[in-house]
Amino acid sequence: MNFSTYTPALCLLLFFFGVTYSQKKNPSVYPENKERLQRFYLIGDTGHNSSKDGLPALNALDTFLQTEENTGSEYVLFLGDNFPGIKELPWSTSMPGLEKFKDRHLYIPGEQEWQRKGIEGLKETQSFLEEKYQREDVFVPKPGCAFSFIDISDEVHLIVLNTQWFLADWNEHPLINDDCPEIKTREAMFLEIETELKKNQNKTTIFALHHPLRSNGVHGGKFSWSSNILKEEGSLPIPVVGQLVNFLRTSGGISRQDMGNPQYRSLVNRLQTLAGLWGKVVFVSGHDHSLQYLEDENIKQVVAGSGSSKAYVRQDANTLFASEKEGFAVLDVFKDGSSQIRFFRSDNGNPNLLYQHQVFEKEASFDVQELSESFPATVKASIYSEEETDKSDFYRKLWGDRYRKLYEQPVNVPVAILDTLYGGLKPMRSGGGHQTTSLRVRDTTGREYNFRMLRKDPTQFLQATAFKNKPIEEMFEETFAAKMIRDFFTASHPYAFLAVPVLADAAGVYHTNPEIYYLPRQKSLQDYNTIHGDALYMIEERPEENWLGYESFGEPNHDIQSTDGMFDRLRRDEKYSLDEAAYIRARMFDMLIGDWDRHNDQWRWAEIEQENGNRIFKPIPRDRDQVFSNFDGLVFDKLRKLIGFINQFGKYDTEITDLDWFNRSAANLDRVLVQSCGRQEWIKQAEFLQKAITDEIIKDAFSRLPEEAQGTTTNEIIENLKGRKDNLVKIATEYYDLISEIGIMTGTDKDDFIDVERLENGDTHVRISRNKDGKREEIVSERTFRKMETDEIWVYGLDDEDQFYVKGEKKPGIKVRLIGGQNNDVYTLFQGAGIRVYDYKTKKNRIEENRGGKIFRTDNYQINVFDKNHKIVHKKNLLPYVGYNPDNGVILGVQTSFTKNSLVRKPFTAKYRISAGYFFATGGFEAAYSGEFAYPEFKYNFLAGADYSSAKNTINFFGFGNETQNLDNVYSRDYNRIRVESFGAEAGLVRRNLYGSTFTYKALFEGVEVEATPDRFISEAFPENEKFFDQMFYAGLEGAYSYESVNSRINPSRGLIFHLTAGGKLNLKETGRHFYYVNPFLEVYTPLTANERLVLNPRLQSQLNFREDFEFYHAATLGGKTGLRSFRHERFTGTRAFAAGTDLRYNFETIKNNFLPVQVGVLAGYDLGRVWMNEKTSEKWHHSYGGGFWLAIAEAAGEVNLFHGKEGFRFSFGFQMGL
């Protein structure tokens, strides 16, 4: 058999077909003797078929419900794609079972509801349901909003997520989030869901969402063989085309409704991480028209989407149950904490039990009987052991001393007995932040406190900061990385927060009053003894509504709000305002004590109602565990000079080395909250602190630390605190200069007047006032921006109908951006120089007058909607690379990037990349620049680029044809190396979407000069063509489309990468010489086993030149980097080239070690390919085969390959940081 004859066909077969895997598991028995708390009837996708006789699944559910008792604890959840028509119920009022439970019917939207007129369609559906049911809570969440949280009982919580809200392109839905005051971004949604899961972690949480996190149905990429021929789920009734469509959906997620799509995958990855962190969560969904129960990692997934139609579903190792039958599911939650799922199919409208399974076991209880009931009054304990803090002299020189000794030093502290502490405390729930483990408790008056363990969790920190989309607890536990981070925590003084209350009282800054206790395991901790107890804890008040009148919180008389709650009220009505002076003082106090971690959740806000009914918010800072941090040591000293963000981790001193990075977590809050106060207020508050905090107060404050923690270290902090206090006015001035470069002002969600006046000296005055019956009434905010201080002013009108007026001097002065927001706004620009207006293209906004202003009408969501978390930050990145191959030798490369983020982002304002590489085998180097810039009215970004390759850089040329000779053994590798100096420039447009696609169009300019090197192939191939070695110039046009969707950047097991480039180039010296080209590339990752460790990785690539008026350096080539891995680069050159290859990859279990977790895999690969020349005939196919291994450490990856072909072995490797 001629193997080469069948290889292409074999590659294509492997390319399109995979291996299935299935496993059955036995059902459990329903626990009849358990006390049931809640029952949820689950049915989805009831809107895909309409029948006068009703739907079989709904008929079966109705029959089932007729026999059920209505106890008031039952809910019927319709899981999306519910309605045959926009105003048509999926069930009939003649169904007595469904009618019996109609008071607790809940409908959630799917993509079908969104596709009918978008947000307006959702609102029509909501109105229809509210009219039919005569209640308001039947359609959740609110149209165009992200979620609803429903507190079912003390033991059960319901989260309803509008998944199509997440998947939608928000630029296509101008009304999205209009009625959702607190959630304006997808990231805000995740943060709120995390908070909700954390708050309810002691409950069973039912997480209802139309799109499942796991599925082995069509949307999960599983198709029946018959769907390749028959028309099913949208497949075409043509065998090859049907198979291709299914294949692309399976591997590439080309439909945004499929789990393989990048946007869908980002939702799944984040939710599965959050579910694993907090409590018992079961996801219930529709979408796929089948019945399924899956358990995978920390995901427990119910799919009940066969409410009106059925489709193929496959069973694998993670699928405990799968059925194509039409039916419904019943989920029960029991008093002992356990839960049970049952699936029923419809048999002629009657329910028939298919499967049942225990979702969660009953909660394990901690045996407290053996715990002591008597404890000493005090205990000596430490945070870390001596072994954990014992470091060598060399280590301490590199990483500093920090406060390491204080962590190992035992301190004498009182013992916390919950029955008596603060009059008696009762545990509520466990929790924690990004580093700590905490326990919330409540006293007999209802006031809440937080116990926070002083020993911090390094894996929790990694999960929250570096791996938000990937569970890593088991992977990193007790690794070198975890130990390093645990030591990293010792830069924070373990007890310095005890000094803050005395300092804050003197400063007039509100505060909590933390204390340190040793919390032993005890009977009052109940089941919390499992994770709490026998350790040092800090306890402090938790600012919330039960602390009204509390002196340390400013004696609030109305409420205590979160940051989100305060923002909601500030924009809701002009009667709400912020005490900006108090906030500025609190922020200067942060800088005085070195507290750099001041993100939104580190604040609570005392809401104080005045006699006239107005309400003022005053800040209550909390969580002071980062004060007086000390990141000393040689490593941090050097890194601070090289890497920007390292400056956030400073050494507490008399100065703040980098104010920008020190305040990164709070700068955005400072800009959006301080809208009326200027430089003098910042100086005034700094001067106040200088006078208020005396040396005696500082001494008194630090006397509150444990006696064992005082001494030399404390004295150093005191002296640095005094020095920083002396520098505080200088710090205030410099920080004001930093944040005032961009000023932000916001109106209300009511009608406002926004008046902008250009002053004679170049300054700009902005006043926002309420519009009441056409008159300017209460002033919301007012400020004069100085030309020497401010570069830009962003003014947001927010909701309702606002009127913008600009007048004054013709001098442009400061650039002003006016962002209208929702509803219809009016603009009158009597003086428009330097004014930019942004408002919705699809809304009836009016320009009454425009004298020189620039008007941008766009439905771009990010521009039009005010986001309080819109960070105005710039990012730098440095990515090194090292590699080797025989043509280039050792390669050292680096890429640096700078990303600018301002108002207009798609997804950034501008991004610049500079890369450079040096090739040791030839002594050549290359460098490249690329820039990309967003523009508000265009869907495309502008791009520009340039590149240069030095005269010593080489490409290979063996002549034209598919059977050219390689004379390496006769001469050397240099013989076919052609020195080519080149430079190029490009400019064009690029557009990316959320779903993996990129469109690029650009114009090209290129200069190429080939060196006539003696005794090399090039001189022999063109001995008499002197013009060939002249510098040539080319102009061209090029368009490209690419689609990328892989489930991992470093180690993909499923995904698709497709690139298609087409263009043409013209020789500017010989304009009759021009050519066109088309270059497609396709690569797929397809798992062959259920655990996705064995992966098939086929790829196809081609280069097609049309016309032969091109030089060899523009020809189609095959070689080591273009499809034939055992051959030299550019080994074969022709008019057209084609290569196909397939790798079989196996990914081993993650290797957990004392350094960093390592992922390792091996591969075996096969390539074939050839080139064509029009005037030459050849039937030969070239082959390569070989293997290699790859490894990934954190976010870096490397690969080593050894391949063999007719010209011998070829070895190569590469290692890339920061993929």
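Matching residues to (1) under 23 Å from the mean Cα position of the chain (by Cα); (2) crowded, with 24+ Cβ neighbours inside 10 Å; (3) under 20 Å from residue 197 (Cβ atoms); (4) not assigned by TED's automatic domain parsing to the domain that holds residue 1084:
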| position | (1), (2), (3), (4) |
| --- | --- |
| 270 | yes, no, yes, yes |
| 298 | yes, no, yes, yes |
| 307 | no, yes, no, yes |
| 314 | no, no, no, yes |
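Among the residues of region 65-111, the ones that are under 25 Å from residue 35 (Cα atoms), out of contact with any strand residue (DSSP E or B) (no Cβ under 9 Å at 6 or more places or on another chain), outside any loop (DSSP other than H, G, I, E, B) and of a type in the set (D, E, K, R) come to 2 in all.
Looking at region 1126-1146, which of the residues that are within 18 Å of residue 976 (Cα to Cα) and not in a strand (DSSP E or B) is farthest from the chain's Cα centre (by Cα)? Restricting to residues being within 18 Å of residue 976 (Cα to Cα) and not in a strand (DSSP E or B), the top hit is 1131. From the list 119, 108, the lone residue that is modelled with pLDDT of 90 or more, within 30 Å of the chain's Cα centre (by Cα) and surrounded by fewer than 23 Cβ atoms within 10 Å (Cβ to Cβ) is 119. The set of residues in region 701-727 being assigned to a loop (DSSP other than H, G, I, E, B) and closer than 20 Å to residue 411 by Cα consists of 703, 704, 705, 706, 710, 711.
Got at least one residue in region 193-204 being buried (at least 22 other Cβ atoms within 10 Å of the Cβ), among the basic types (Lys, Arg) and either free of Cβ contacts under 8 Å to residues at least 12 places away in the same chain or in contact with a His (Cβ under 7 Å, 6 or more places away or on another chain) (or both)? Yes: region 193-204 contains one or more residues that are buried (at least 22 other Cβ atoms within 10 Å of the Cβ), among the basic types (Lys, Arg) and either free of Cβ contacts under 8 Å to residues at least 12 places away in the same chain or in contact with a His (Cβ under 7 Å, 6 or more places away or on another chain) (or both). With respect to residue 1055, is the statement that it is at positive phi and of a type outside the set (A, V, I, L, M, F, W, C) true? It is true that residue 1055 is at positive phi and of a type outside the set (A, V, I, L, M, F, W, C). When 596, 605 are checked against the criterion of being assigned by TED's automatic domain parsing to the domain that holds residue 713, more than 18 Å from residue 739 (Cβ to Cβ), hydrophobic (A, V, I, L, M, F, W, C) and within 29 Å of the chain's Cα centre (by Cα), 605 stands alone in meeting it.
Considered as a group, the residues in region 873-908 that are out of contact with any Phe, Trp or Tyr (no Cβ under 9 Å at 6 or more places or on another chain) and of a type in the set (A, V, I, L, M) include one that is nearest to residue 837 (Cα to Cα), and that residue is 873.
Take region 799-830 and flag every residue that is at pLDDT below 90 and closer than 17 Å to residue 783 by Cβ. Listed by number, the list holds a single entry, 813.
What do you reckon, is residue 1207 acidic (Asp, Glu) and either under 30 Å from residue 1075 (Cβ atoms) or outside the structural domain of residue 968 (by TED's automatic domain parsing) (or both)? Yes: the conditions hold for residue 1207. The helices (runs of 4 or more DSSP H) falling completely within region 630-700 that include 1 or more residues that are modelled with pLDDT under 95 and either of a type outside the set (Val, Ile, Thr) or out of contact with any Phe, Trp or Tyr (no Cβ under 9 Å at 6 or more places or on another chain) (or both) map to 634-642, 659-662, 664-673. Residue 1008 meets all of the listed conditions (1) hydrophobic (A, V, I, L, M, F, W, C); (2) under 30 Å from residue 1022 (Cα atoms); (3) touching a helix residue (DSSP H, G or I) at 6+ places or on another chain (Cβ under 7 Å); (4) modelled with pLDDT under 95 but one, namely (4). Only one of the numbered conditions (1) closer than 30 Å to residue 1125 by Cβ; (2) surrounded by 15 or more Cβ atoms within 10 Å (Cβ to Cβ); (3) at pLDDT 90 or above; (4) not acidic (Asp, Glu) is not met by residue 879, and that is (3). One residue stands out among those in region 1172-1201 that are out of contact with any helix residue (DSSP H, G or I) (no Cβ under 6 Å at 6 or more places or on another chain), of a type in the set (Phe, Trp, Tyr) and over 12 Å from residue 1126 (Cβ atoms): the one that is surrounded by the most Cβ atoms within 10 Å (Cβ to Cβ), which is 1190. The requirement of being modelled with pLDDT of 95 or more and hydroxyl-bearing (Ser, Thr, Tyr) is not satisfied by residue 861. Take the residues in region 906-920 that are crowded, with 17+ Cβ neighbours inside 10 Å and within 29 Å of the chain's Cα centre (by Cα), then tell me which one is nearest to residue 941 (Cα to Cα). Selected residue: 906.
Any residue at all in region 51-64 that is closer than 24 Å to residue 162 by Cα, outside any helix (DSSP H, G or I) and at pLDDT 90 or above? No; the residues of region 51-64 include none that is closer than 24 Å to residue 162 by Cα, outside any helix (DSSP H, G or I) and at pLDDT 90 or above. Give region 90-107 a look and list any residue that's in contact with a Phe, Trp or Tyr (Cβ under 7 Å, 6 or more places away or on another chain) and touching a residue at least 40 places away in the same chain (Cβ under 8 Å), or say none. Those that are in contact with a Phe, Trp or Tyr (Cβ under 7 Å, 6 or more places away or on another chain) and touching a residue at least 40 places away in the same chain (Cβ under 8 Å): 90, 98, 106. Among the residues of region 624-642, none qualifies, meaning not one is surrounded by 20 or more Cβ atoms within 10 Å (Cβ to Cβ), at positive phi and within 30 Å of the chain's Cα centre (by Cα).
Within region 608-620, one or more residues are under 27 Å from residue 513 (Cβ atoms), among the aliphatic types (A, V, I, L, M) and buried (at least 23 other Cβ atoms within 10 Å of the Cβ). With the structure loaded, tell me whether residue 1183 is touching a strand residue (DSSP E or B) at 6+ places or on another chain (Cβ under 8 Å), of a type outside the set (Phe, Trp, Tyr), in contact (Cβ under 8 Å) with a residue 24 or more places away in the chain and not in a loop (DSSP other than H, G, I, E, B) or whether it fails that test. Taking the combined requirement at face value, the residue satisfies it. Taken over region 969-981, the criterion of being more than 50 Å from the chain's Cα centre (by Cα) and either crowded, with 17+ Cβ neighbours inside 10 Å or under 18 Å from residue 1014 (Cα atoms) (or both) is satisfied by 970, 971, 972, 975. Kindly provide the set of residues from region 992-1031 that are surrounded by fewer than 16 Cβ atoms within 10 Å (Cβ to Cβ), of a type in the set (S, T, N, Q) and not in a strand (DSSP E or B), ordered by number. Within region 992-1031, 993, 1019, 1025, 1031 meet the criteria. Would you check if residue 971 is modelled with pLDDT under 95 and among the hydroxyl-bearing types (Ser, Thr, Tyr)? When the stated conditions are applied, residue 971 passes them.
Here the condition is being more than 25 Å from residue 968 (Cβ to Cβ), of a type in the set (D, E, K, R) and modelled with pLDDT of 95 or more; of 1136, 1093, it holds for 1136 alone. Quick one: in region 80-105, which of the residues that are modelled with pLDDT of 90 or more and more than 18 Å from residue 42 (Cβ to Cβ) is farthest from the chain's Cα centre (by Cα)? Filtering first and then ranking leaves 96.
The values are calculated or read from the model by the stated rules, or taken from the named source; none is laboratory data. Here the structure is a predicted model, which means the values were calculated and not measured. Ideal geometry is used to build each Cβ from the backbone, glycine not excepted, and the neighbour counts take in all protein chains shown.
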